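Chemist: Dumping the structure here so I can ask a few things about it.
The values are calculated or read from the model by the stated rules, or taken from the named source; none is laboratory data. Only a predicted model underlies this, so the values are computations on that prediction, with no experimental measurement involved. Cβ placement follows ideal geometry from the backbone for every residue including glycine, while neighbour counts extend to all protein chains displayed. Calculation scope for accessible area: heavy atoms of the full protein, side chains included, ligands and nucleic acids excluded. Shrake-Rupley method; radii C 1.70, N 1.55, O 1.52, S 1.80 Å.
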Amino acid sequence: MAAIAAVAQVTTPGQTAAWAGERRRTVLDQDLQLIERCLGGEEAAWEDLVKIHTRRVYAICYRFTSSEQEAQDLTQEVFLRVFRSLKSFRAGEGSFTVWLGRLSRNLLIDHYRRSKMQRSTDSIEEQLPTIEETQAMSARTDGMLAGREASETLQGALKKLSPELRETVILRDLEELEYREIAQVLNVPEGTVKSRLNRGRAELARVLRKQKVAI
Amino acid sequence: MNCSDIEILLAEYVEGTLQGGAKSAVTIHLAACAGCRELAEDAASAVEFMARTAPVEAPPELLTRILFQAPAVKPTLARRLFGRVLGDWLEPVLQPKLAMGMGVAALSFFMLRPGVRQLTLSDLDPVKVWTSAENRASRVWERGLKSYENLRLVYDIETRVDQWREEAPTEARDPEKTPESGKP
């Protein structure tokens, strides 16, 4: 219960929600204006759109794949698809963030399926570095981790979650999307999002504990 | 409220965004249900841990890679010519594929017009096709040869005319030069 109370103390619900809502509206308007200018052929607008959203797309891809190179390739692929299909974006059917999230998610799932088939044919020698990395990580997790080190530990733990739980946790806790937006991205009801989120968070805590991480 | 109902509310509860009666209901349930309490504690620990992690930053060169690969969305020809609203309507009509299709259709109609001989199966006989191709090739060769000969002839004539032009003023000047040369 102490942990629950600590988390509850960190946030002030009313103010945070109002501030987040205001910020989202601004971002939404900005996105729509940029898309309009992009479709009008303004190169600067396309650059701005890419600049604004690259970090989030890359972060989702990196958190999901745990590989910098794969995340870079996937981010590039996402924007190539955006570039090709920007005309098909309809503002009335959801925000650009949701549209982009759905596009990234579809690509990640395809990538996951492909790499899963590849992994099943990998020999134990090829998997050995991963096992060694995990052992090295658990050997240095005695104290309270934070910052970059915590980020690396989290990365190792996220890999242990199923893709469904992983993507939900990434979108909510790391990329701070609203429940409604996550439901649109994953194409599931909000209740399912919340249920997956609980299970994902709990599973993550168990994995971290197994790695002897102080949480 | 049963455990399934609580599970839905728990996500917001651990984030501290649940308020009012729902929050009280969850608190009461957690005090009585060990399973849900454990789930809530685990979830809260994970949320707290994730809040301590550093955000992932994209490498700076990635932006350049993306912009290089997908430089900008160019406006379509239809939009450039007819503006946004009318351009969107006319865009399918001005697609290169459609234009090419229309061209081929027009050519077909032109070929099928009365007065032009229809193709028959006998036209596809390999011997006929070969003979026709050979005739055409030899005609092209002969025509080329003739053009070359003509060019040579034209060149000869031009050279001769130039020579005459050069010689003409010399001859014209000669009578004047003769008395001068005869002067003491």
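Chemist: When you go through B:Thr27, B:Thr53 one by one, which is the residue that is buried (at least 18 other Cβ atoms within 10 Å of the Cβ) and either at pLDDT below 90 or more than 18 Å from A:Val193 (Cα to Cα) (or both)? Steps first, please.
Modeler: Details: B:Thr27 fails: buried (at least 18 other Cβ atoms within 10 Å of the Cβ).
Unique residue meeting the criteria: B:Thr53.
Chemist: Could you check segment A:89-114 and list, in sequence order, the residues that are within 14 Å of chain B (Cβ to nearest Cβ) and open to solvent by 60 Å² or more (accessible area, probe 1.4 Å)?
Modeler: A:Arg90
Chemist: Let me ask you something else. Being more than 9 Å from every other protein chain (Cβ to nearest Cβ) and farther than 16 Å from A:Ile60 by Cβ: is that true of A:Ser195 here?
Modeler: Working: more than 9 Å from every other protein chain (Cβ to nearest Cβ): no; farther than 16 Å from A:Ile60 by Cβ: yes.
So A:Ser195 fails the test.
Chemist: Could you tell me whether any residue of segment A:135-148 is farther than 15 Å from A:Ser66 by Cα and modelled with pLDDT of 85 or more?
Modeler: Initial filter on segment A:135-148 (farther than 15 Å from A:Ser66 by Cα): A:135-136, A:138-147.
Subsequent filtering for residues that are modelled with pLDDT of 85 or more retains none.
Scanning segment A:135-148 turns up no residue that is farther than 15 Å from A:Ser66 by Cα and modelled with pLDDT of 85 or more.
Chemist: Name the one entry in B:Leu39, B:Leu62, B:Leu10 that is open to solvent by 30 Å² or more (accessible area, probe 1.4 Å) and facing chain A (nearest Cβ under 7 Å).
Modeler: Checking each option against the conditions leaves just B:Leu39.
Chemist: If you don't mind, another one. Return the total of residues in segment A:197-215 being closer than 10 Å to B:Ala11 by Cα and open to solvent by 30 Å² or more (accessible area, probe 1.4 Å). Break it down stepwise before answering.
Modeler: So the first thing to find is which residues in segment A:197-215 are closer than 10 Å to B:Ala11 by Cα, and the list is A:197-199, A:201.
Narrowing the set further to residues that are open to solvent by 30 Å² or more (accessible area, probe 1.4 Å) leaves A:199.
So the count comes out to 1.
Chemist: Then there is this: For segment A:59-71, give me each residue that is more than 8 Å from chain B (Cβ to nearest Cβ) and under 14 Å from A:Ser104 (Cα atoms). Talk me through it step by step, then tell me what you get.
Modeler: Of all residues in segment A:59-71, those more than 8 Å from chain B (Cβ to nearest Cβ) come to A:60-61, A:64-67, A:69-71.
Those that are more than 8 Å from chain B (Cβ to nearest Cβ) and under 14 Å from A:Ser104 (Cα atoms): A:Ile60, A:Cys61, A:Phe64, A:Thr65, A:Glu70, A:Ala71.
Chemist: Give A:Leu86, A:Leu74, A:Leu49 a once-over and let me know the one that is modelled with pLDDT under 90, assigned to a helix (DSSP H, G or I), more than 8 Å from chain B (Cβ to nearest Cβ) and surrounded by 15 or more Cβ atoms within 10 Å (Cβ to Cβ).
Modeler: On the way: A:Leu86 fails: more than 8 Å from chain B (Cβ to nearest Cβ); A:Leu74 fails: modelled with pLDDT under 90.
When all the criteria are applied, what remains is A:Leu49.
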